[in-house]
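Worksheet: the structure to be examined is printed underneath.
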Amino acid sequence: MTEPRIDIPVRAPAQTSADDTVLPFEIAALDLRGRVVRLGPAVDEILARHDYPQPVAKLLGEAVALTVLLGTALKIEGRFILQTQTDGPVGMLVVDFRSPGTVRACARFDKERVAGAIDAGAVSAGALMGRGHLAMTIDQGPDMSRYQGLVALEGGSLEDAAHEYFHRSEQIPTRVRLAVGEELSAGAGHRWRAGGMLLQFLPKAPERARVADLDPGDAPEGTAAHEVAEDDAWVEGRSLIETVEDVELIDPSLSSERLVYRLFHERGVRVFRDSAIAAQCSCSRDGVAAMLKSFPQNDRDDMVEDGAISVTCEFCSAKYRFAPDEIRDEPMPAAEAPESRSAGP
């Protein structure tokens, strides 16, 4: 007996899509799954909190879009943290995504080196980051072990790093596209927008999921490299996502549904319910006070300037000011003296 067929509703793609959303999709005929992220006010709020030079802001926006694409794939409650540490003008990027959909981010950079890079026209992602590594951390809370994956950054883009990570760590054929731009409007200045698309080949048949061994592997020297022909379905999907232009990922007049329909309508594409993304920092006065109290009292005394201790959140630029007495160690209660007793006869 065959199972009854469940019809999937067929409709035209939406003409508009909301900003700050992630739309999952599937092309069942090709065993492909993916997501499209569109960020408007969320990424603009993150970048507007800091006076980043334009190339640094653009690079951080790409990191935010990539983190949201990867973080929203998790089926667990927790955090997904993307962090780079490199020797380039932009020495560090940190993006902290918390399920189900909040994100914060910041960058550290050398102002003089960034200015020099701008003057020289060397403002690509690879030139700004240089060499180092990218770490992706999954944190499920204090009762669970952290998982961390590392990938080398060798002068390439964040897209290149994501491809290398999935090739070596997950061994899942993956393609990522990222774009960041400024939207200019009369009287309102500029606003940042970011977008991204992730596509993965996830076949159900084990024989179609085979990939070539990683070079150099453990084969004896001189052994021919192990090769596995790319599946035709993945060749088709990879070729289609590579046609996506930057402007399509950030154009507010082009919905996410219309974009995936343009790419995959001949094979049939199914979209799922989208999810919302918001810029939100997790810092608080109580949290900062607890952090300060973790330092020795002598260190806290050295932090006092103009009669107070001031702390600025690197993520949201919120400023917290404490009087020294607010975070001073509380004296331990004096031990009670034991009762004295007279020796009896």
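The numbers here are math on the coordinates, done by the rules we state, and not lab data. These figures come from a predicted structure and were not determined experimentally. Note: ideal-geometry Cβ built from the backbone for every residue, glycine included; neighbour counts use all protein chains shown.
Here are the numbers for the structure shown:
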| item | result |
| --- | --- |
| Paired Rg and Dmax values of the range 117-205, which use every Cα atom, in angstrom | 17.3, 56 |
| Reciprocal of mean inverse Cα separation for the range 285-327 (Kirkwood radius, Å) | 10.6 |
| Spin-label model distance (nm) - Ser99 vs Arg262, 7 Å beyond Cα toward Cβ | 3.2 |
| Label-to-label distance, nm, for residues given as Ala115 and Glu77 (7 Å Cα→Cβ offset) | 4.8 |
| The chain: most fluctuating residue of Gly141, Gly155, Gly130 per GNM, C-alpha cutoff 10 Å | Gly141 |
| Kirkwood hydrodynamic radius over Cα pairs of the range 1-155, then Stokes diffusion coefficient at 25 °C and 0.890 mPa s, in µm²/s | 138 |
| Net charge of neighbours whose Cβ lies under 14 Å from the Cβ of Gly126, counting Lys and Arg as +1 and Asp and Glu as -1 | -4 |
| Candidates Leu66, Leu184, Leu32, ranked by Gaussian network fluctuation over the chain, Cα under 10 Å, top entry | Leu184 |
